[in-house]
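For reference, the structure is listed below as structure tokens.
The values are calculated or read from the model by the stated rules, or taken from the named source; none is laboratory data. Remember, it's a predicted structure, so these values are computed and weren't measured experimentally. Neighbour counts are summed over all protein chains in view; Cβ atoms, including those assigned to glycine, are modelled from backbone coordinates with ideal geometry. For accessibility, only protein heavy atoms count, side chains too; no ligands or nucleic acids. Shrake-Rupley method; radii C 1.70, N 1.55, O 1.52, S 1.80 Å.
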Amino acid sequence: MDHGRNRGTPKMLRTSALRRGLATAAVLAAGVGCTVQPLPGQAADAKPGGVPVTANVPPAPEPSQPPPSKPPVKPPLFTPPAPTPTPEPPRTATPPPAPTPSRTAFRPKTLMANGSESDQVRELQARLQQTGHFDLNPTGYYGSITVTAVTSFQADRGLPATGATDTITWLRLVGLTRQPTRDELRPPTSRPVAKPDPRCMEGRVMCISKSSRTLTWMIDGKVKSAMDVRFGSQYTPTREGTFAVGWKSRDHVSTLYDTPMPYAMFFSGGQAVHFSADFAARGYEGASHGCVNVRDEKKVSSLFDQVRTGDKVVIYW
């Protein structure tokens with residue numbers, strides 16, 4: 001038996017027991033943690049497991065709650081531009097009102113009026129005839145019939161209906177019509193010649209129409225000349241029908257009325273075709289005592305030379 005080895009055994013046992021104790025303490029320390037937190041009011045440097053070292057450390061103040069924050073203000077999507085101030089116009093002196101023009105400054109010039117006689121009157125009548133306001137042929141004399149025609153034309157066109165032809169009326173008429181031809185300006189009669197009666201189509205005939213108030217001298221259906229005529233009044237009417245020239249008297253004077261009847265061609269008793277100075281002066285405002293009055297002395301003088309005794313006279317409507 002080795003006593004040396006036995007004497008060493010207790011020492012080794014003590015060392016093993018110490019190591020087991022340290023291992024157990026390490027296990028316990030790992031289970032509870034290696035750091036002990038100080039209690040409230042206890043210093044941070046208190047020894048673990050010992051009596052806490054008390055220090056007069058004031059309690060930490062509770063953190064104050066922050067004020068509630070306001071929601072952020074969103075910027076507007078569109079910011080309108082600031083209005084631009086309008087500069088005030090410079091002050092100037094107020095001009096005086098313009099003077100009102102007088103009506104006389106705009107009054108058109110009168111070119112033709114009642115009593116005028118000229119080639120321009122003849123053209124006026126021809127143009128009025130184109131518009132349907134003048135139912136006669138041009139004569140060149142501005143009488144009551146022309147006054148009525150001009151008045152009607154002015155009223156239809158919204159012009160002052162004065163009956164006188166001023167510059168505005170004339171320009172409006174010219175703009176609506178064409179230039180009259182020579183035959184339109186100087187026709188054989190003042191009225192359009194009527195269609196001849198069938199009885200006038202054969203032989204030598206003075207064909208007289210009461211509707212158109214014209215006399216047409218015809219030979220075998222052809223017109224040789226035409227002229228204006230007027231007839232008797234309702235109390236002394238001109239007879240109608242077919243007659244023949246009985247006799248002729250160049251410088252005849254009426255024994256019943258004591259009035260001149262130049263170039264008379266009698267066809268029915270005391271009724272005759274002849275020149276009338278009253279008709280030439282007054283136009284259709286007068287009437288005969290039953291004769292057929294002719295206005296144009298030159299034409300009736302020429303007719304008197306052509307007509308023969310026995311030639312036919314036809315008077316009709």
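Could you tell me whether any residue of the range 117-124 is β-branched (Val, Ile, Thr), within 21 Å of Pro188 (Cβ to Cβ) and modelled with pLDDT under 95? Spell out how you get there, then give the answer.
Going through the range 117-124, the residues β-branched (Val, Ile, Thr) turn out to be 121.
Now narrow it down to the ones that are within 21 Å of Pro188 (Cβ to Cβ): 121.
Then keep just the ones that are modelled with pLDDT under 95; that gives none.
Looking for residues that are β-branched (Val, Ile, Thr), within 21 Å of Pro188 (Cβ to Cβ) and modelled with pLDDT under 95, one finds none in the range 117-124, hence no.
Just wondering, is there one or more residues in the range 135-142 that are open to solvent by 40 Å² or more (accessible area, probe 1.4 Å), closer than 22 Å to Arg282 by Cβ and of a type outside the set (Asp, Glu)?
The answer is yes, given that some residue of the range 135-142 is open to solvent by 40 Å² or more (accessible area, probe 1.4 Å), closer than 22 Å to Arg282 by Cβ and of a type outside the set (Asp, Glu).
Taking the range 182-208 on its own, how many of its residues are among the β-branched types (Val, Ile, Thr) and closer than 12 Å to Pro138 by Cβ?
Of the range 182-208, the ones among the β-branched types (Val, Ile, Thr) are 189, 193, 205, 208.
With closer than 12 Å to Pro138 by Cβ added as a condition, the list becomes 189.
Within the range 182-208, residues that are among the β-branched types (Val, Ile, Thr) and closer than 12 Å to Pro138 by Cβ number 1.
Considering only the range 263-294, state which residues are open to solvent by 60 Å² or more (accessible area, probe 1.4 Å) and assigned to a loop (DSSP other than H, G, I, E, B).
Gly269, His289
Considering only the range 152-166, state which residues are surrounded by fewer than 16 Cβ atoms within 10 Å (Cβ to Cβ) and either modelled with pLDDT under 95 or under 13 Å from Ala113 (Cβ atoms) (or both). Steps first, please.
Restricting attention to the range 152-166, the residues satisfying the condition of being surrounded by fewer than 16 Cβ atoms within 10 Å (Cβ to Cβ) are 155-158, 160-162.
Residue satisfying the conditions is Thr162 alone.
Please enumerate the residues belonging to the range 218-238 that are closer than 13 Å to Val313 by Cα and buried (at least 21 other Cβ atoms within 10 Å of the Cβ).
Let us first name the residues in the range 218-238 that are closer than 13 Å to Val313 by Cα, namely 218-219, 238.
Listed by number, the residues that qualify are Met218, Thr238.
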